[in-house]
Amino acid sequence: MDRIIVRGGNRLEGSVRASGSKNATLALMAAALLTDDEVVLRNVPRVRDVATMRQILAALGVPSDWEPDDEHALRIAGRGDRGRPIHPEAPYDLVRQMRASFLVLGPLLARCGIGRVSEPGGCAIGVRPVDQHLKGLEALGAKIRLDHGYVEATASHLEGARVNFDITTVNGTQNVMMAATLARGRTEIENAAREPEVTELATVLNAMGADVRGAGSDHIEIDGVASLHGTEHDVWADRIEVGTLLAAGMITGGSVSVTGVAPALLDATLEKLRETGAGIDVQADAVTVRAGGRGHGVKAVTAPYPGFPTDMQAQLMAVLALADGSSTITETVFEHRFMHVPELVRLGADITVDGRTAHVRGVGALSGAPVMATDLRASAGLLLAGLAADGETVVNRVYHIDRGYERIEEKLRRLGADIRREG
Ligand code: UD1
């Protein structure tokens, strides 16, 4: 099993290019199920979750291939010419690897009148139910049945409706939005998630011939159309990868530029890094961080967009573990998302958790040790801590990192980190 070995202490300096957004890509791949035509996505990150989604699409009867001349361009087959039937069932073995697999339910239902997706179940960062996805699809006329561990949604046709989410859910909003593009009449989603990945999906659906308005606000309107066609799209930068690389610059006392970025998407992350004392310089399509010493303690509360992203919480915690003074981080989006805390403590951090709030008292130094990655973003936090710790940190179970970061160790090495992967 791969592990990453970091020898901490090098200041990171230089410039790297952001990869495309993993989360946006997963939704866009699901959206390809809505058309008979080919969909070509460029700037797709070569990460494990994308590979899993390719396997799911293949299991549904929709193969995809990387373009021979562009390793980040993914061509997702249409089924029109070849008349391939969709097999509307996403199997347990794949769904259990990645909850975002549930995103195929809305498109399957809209295209085939039936979708069966294995129930995702609990996961390491909390219970994470899918009740809101189902509530939305039911409002559009789907009958939902739970059968042998599968969620089955059926409908002879979907009818536009008003969907009022009880909580903001990113994938729930995306799922219902995709189903509604092919429903009869108008769907109005209230309390929609405002994340850029929702906006990007709406942009691509509209390029495929859909009529989606208001994405990026909490009220989205969709007028159903009879069919969608293929499209090509360059995936926007991964705002969480960008934030992670900037945090790496900050925690090592260095200066890092990340290019290929729309800085507006990063507002809350940039604001928080600025508040800790980092110099942030925003250019048209790049962001530069210049660490101003250790930084100082701040108060952070994760919240749906445009709030501070829960996916940056572990990385911010690593930075604050070494800052001057005390910080609090309150996690409001996911329960149990503090599994990196005991591992950071093993590296010498002074952190205690009280319910949904972590109290971080900055220390002067961390000391390298073997640690265990527990989930995707937790592992990123551990890697950052390792970059700043004295001596060697071994991050085990890096398959978690590989789910969402494309060759992170190569990007960090290019910036001057002493880091290597061992198989
Ligand atoms: C997406 C992102 C994930 C990010 C999260 C929040 C993808 C693939 N993943 O996950 O990286 O951390 O948004 O920004 O895009 N909930 C329910 N019922 C539901 C759906 C959600 O109770 O039907 C709860 C969840 O348990 C959680 C909260 O709502 O507490 C937010 O979850 P949600 O926005 O749905 O996260 P995901 O879309 O799964």
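The values are calculated or read from the model by the stated rules, or taken from the named source; none is laboratory data. The shown structure was predicted, so the numbers you read here are calculated from the model rather than taken from an experiment. Note: ideal-geometry Cβ built from the backbone for every residue, glycine included; neighbour counts use all protein chains shown. Areas reflect the complete protein model, heavy atoms only, side chains present, ligands, DNA and RNA absent. Shrake-Rupley method; radii C 1.70, N 1.55, O 1.52, S 1.80 Å.
For the stretch 356-396, give me each residue that is assigned to a loop (DSSP other than H, G, I, E, B) and either more than 16 Å from the ligand (Cβ to nearest atom) or modelled with pLDDT under 95 (or both).
So in the stretch 356-396, the residues assigned to a loop (DSSP other than H, G, I, E, B) come out as 356, 362-366, 368-369, 373-375, 389, 391.
Passing the criteria: G362, V363, G364, A365, L366, G368, A369, A373, T374, D375, A389, G391.
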Inset, instruction - Being farther than 13 Å from T269 by Cβ and either small (G, A, S) or open to solvent by less than 10 Å² (accessible area, probe 1.4 Å) (or both) is the filter here, so list the residues in the stretch 315-330 that pass it. - result: M317, A318, L320, A321, A323, G325, S326, S327, I329
Legend entry - Top-ranked residue in the stretch 128-170 [being part of a helix (DSSP H, G or I) and free of Cβ contacts under 8 Å to residues at least 24 places away in the same chain; ranked as surrounded by the most Cβ atoms within 10 Å (Cβ to Cβ)]: L134
Legend entry - Checklist (1) farther than 20 Å from A388 by Cβ; (2) in contact with a Phe, Trp or Tyr (Cβ under 7 Å, 6 or more places away or on another chain) applied to T328, failing item: (2)
Legend entry - Sole exception among (1) within 15 Å of the ligand (Cβ to nearest atom); (2) touching a helix residue (DSSP H, G or I) at 6+ places or on another chain (Cβ under 9 Å); (3) closer than 26 Å to A59 by Cα; (4) modelled with pLDDT of 95 or more for L205, by number: (1)
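Can we say V333 is open to solvent by 10 Å² or more (accessible area, probe 1.4 Å), part of a loop (DSSP other than H, G, I, E, B) and closer than 24 Å to L265 by Cβ? Reasoning before the result, please.
Details: open to solvent by 10 Å² or more (accessible area, probe 1.4 Å): yes; part of a loop (DSSP other than H, G, I, E, B): yes; closer than 24 Å to L265 by Cβ: yes.
So V333 passes the test.
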Inset, instruction - Could you please give the count of residues in the stretch 357-395 that are among the β-branched types (V, I, T), under 24 Å from D49 (Cβ atoms) and buried (at least 24 other Cβ atoms within 10 Å of the Cβ)? - result: 2
Legend entry - Residue in the stretch 93-101 that is part of a helix (DSSP H, G or I), more than 15 Å from the ligand (Cβ to nearest atom) and not assigned by TED's automatic domain parsing to the domain that holds D418 present: yes
Legend entry - Selection count where residues are modelled with pLDDT of 95 or more, touching a Ser or Thr at 6+ places or on another chain (Cβ under 8 Å) and open to solvent by less than 20 Å² (accessible area, probe 1.4 Å), scope the stretch 255-308: 10
Inset, instruction - Name every residue in the stretch 16-61 that is within 20 Å of L182 (Cα to Cα), out of contact with any His (no Cβ under 9 Å at 6 or more places or on another chain) and open to solvent by less than 10 Å² (accessible area, probe 1.4 Å), in order of residue number. - result: L26, A27, M29, A30, A31, A32, L33, L34, L57
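Quick test for you: out of V198, V204, V176, V212, pick the one residue that is in a strand (DSSP E or B) and surrounded by 16 or more Cβ atoms within 10 Å (Cβ to Cβ). Spell out how you get there, then give the answer.
Working: V198 fails: in a strand (DSSP E or B); V204 fails: in a strand (DSSP E or B); V176 fails: in a strand (DSSP E or B).
Selected residue: V212, the only one of V198, V204, V176, V212 that is in a strand (DSSP E or B) and surrounded by 16 or more Cβ atoms within 10 Å (Cβ to Cβ).
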